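The values are calculated or read from the model by the stated rules, or taken from the named source; none is laboratory data. Everything numeric here is computed off the predicted structure, so don't read it as measured data. Here the Cβ positions follow ideal geometry from the backbone for every residue, glycine too, while neighbour counts run over all protein chains shown.
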């Protein structure tokens, strides 16, 4: 599936340059020798992988913010000597 996904990712800019517009699903499928149902399966797999990767990345960012926020809160709770 990854090979097909890479093929789709490579074909789209080639077709955009050829047509000077965003290619249709039919044009992408034809370029790759796939039927539209197979192309849509590739799209759904690619979308799932991108969402999972984005979720993982954002999860790390959110976790980092929580740690940073806890550290900031600790700093505020300490009173400075007068």
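If the condition is being surrounded by 15 or more Cβ atoms within 10 Å (Cβ to Cβ) and either free of Cβ contacts under 8 Å to residues at least 24 places away in the same chain or not in a loop (DSSP other than H, G, I, E, B) (or both), then the stretch 13-39 contributes 15, 23, 27, 28, 29, 30, 31, 32, 39.
Here residue 14 meets each of (1) within 16 Å of the chain's Cα centre (by Cα); (2) at pLDDT 85 or above with one exception, condition (1).
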